[in-house]
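Worksheet: one structure, shown below.
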């Protein structure tokens, strides 16, 4: 389970636009995390399909993740790529608890980790930030569920 396959990456244009238009965000240094939690029914509505095949084709894993590093913050492409590699590696190692939590709650997640620091941090700092962000995402999902129940 310590892999980060292509199906786990957010590449679908419709999902990206949905994430950045309707998603919520919080800041966990050095990241700005944009997130959107969906149920399978909501996913069917967005993709206008009645079959579960399209949803399962889009989501083979409970979460899709995007990592972005701004050219404005880190000028050289080599350094941007290194920052993205560090972020993806930290996410890959720490996603298991989040995945089991999402499966238990029967939700799907669309995430974007946007690196905002102006220099490359050490791997330990990045991993700690990713762990805190994943824990905070779990709390946000619990809050969202309680709000949905109270409606």
- Message: For segment 98-131, which positions are assigned to a helix (DSSP H, G or I), surrounded by fewer than 15 Cβ atoms within 10 Å (Cβ to Cβ) and modelled with pLDDT of 95 or more?
- Response: 123, 124
- Only one of (1) outside any strand (DSSP E or B); (2) in contact (Cβ under 8 Å) with a residue 60 or more places away in the chain; (3) in contact with a helix residue (DSSP H, G or I) (Cβ under 9 Å, 6 or more places away or on another chain); (4) surrounded by 16 or more Cβ atoms within 10 Å (Cβ to Cβ) is not met by residue 88, so which one is it? (3)
- When residues of segment 58-73 are limited to those that are in contact (Cβ under 8 Å) with a residue 40 or more places away in the chain and surrounded by fewer than 16 Cβ atoms within 10 Å (Cβ to Cβ), the one farthest from residue 45 (Cα to Cα): 70
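Examine segment 70-77 for a residue that is in a loop (DSSP other than H, G, I, E, B), out of contact with any helix residue (DSSP H, G or I) (no Cβ under 9 Å at 6 or more places or on another chain) and within 23 Å of residue 16 (Cβ to Cβ), and state whether such a residue exists. Before you say what the answer is, go through the steps one by one.
Pass one, segment 70-77, residues in a loop (DSSP other than H, G, I, E, B): 70-76.
Cutting the leftovers down to out of contact with any helix residue (DSSP H, G or I) (no Cβ under 9 Å at 6 or more places or on another chain) gives us 72, 75-76.
If we keep only those that are within 23 Å of residue 16 (Cβ to Cβ) as well, we get 72.
Scanning segment 70-77, I find at least one residue that is in a loop (DSSP other than H, G, I, E, B), out of contact with any helix residue (DSSP H, G or I) (no Cβ under 9 Å at 6 or more places or on another chain) and within 23 Å of residue 16 (Cβ to Cβ), so the answer is yes.
Determine whether segment 118-134 contains at least one residue that is under 17 Å from residue 5 (Cα atoms) and in contact (Cβ under 8 Å) with a residue 40 or more places away in the chain. Even if it seems obvious, please write down each step before you answer.
Filtering segment 118-134 for residues under 17 Å from residue 5 (Cα atoms) gives none.
No, the conditions are met nowhere in segment 118-134.
Being without any contact (Cβ under 8 Å) to a residue 40 or more places away in the chain, farther than 16 Å from residue 130 by Cα and surrounded by fewer than 16 Cβ atoms within 10 Å (Cβ to Cβ) narrows it down to one of 5, 40, 76, 24, so name that one. Working first, answer last.
Details: 5 fails: without any contact (Cβ under 8 Å) to a residue 40 or more places away in the chain; 40 fails: without any contact (Cβ under 8 Å) to a residue 40 or more places away in the chain; 24 fails: without any contact (Cβ under 8 Å) to a residue 40 or more places away in the chain.
Residue meeting the stated conditions: 76.
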- Matching option when the condition is at pLDDT below 95, more than 15 Å from the chain's Cα centre (by Cα) and crowded, with 17+ Cβ neighbours inside 10 Å, among 83, 148, 55: 55
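The values are calculated or read from the model by the stated rules, or taken from the named source; none is laboratory data. From a predicted model like this one, the values you see are computed outputs, not experimental measurements. Note that we place each Cβ from the backbone using ideal geometry, even for glycine, and neighbour counts take in every protein chain shown.
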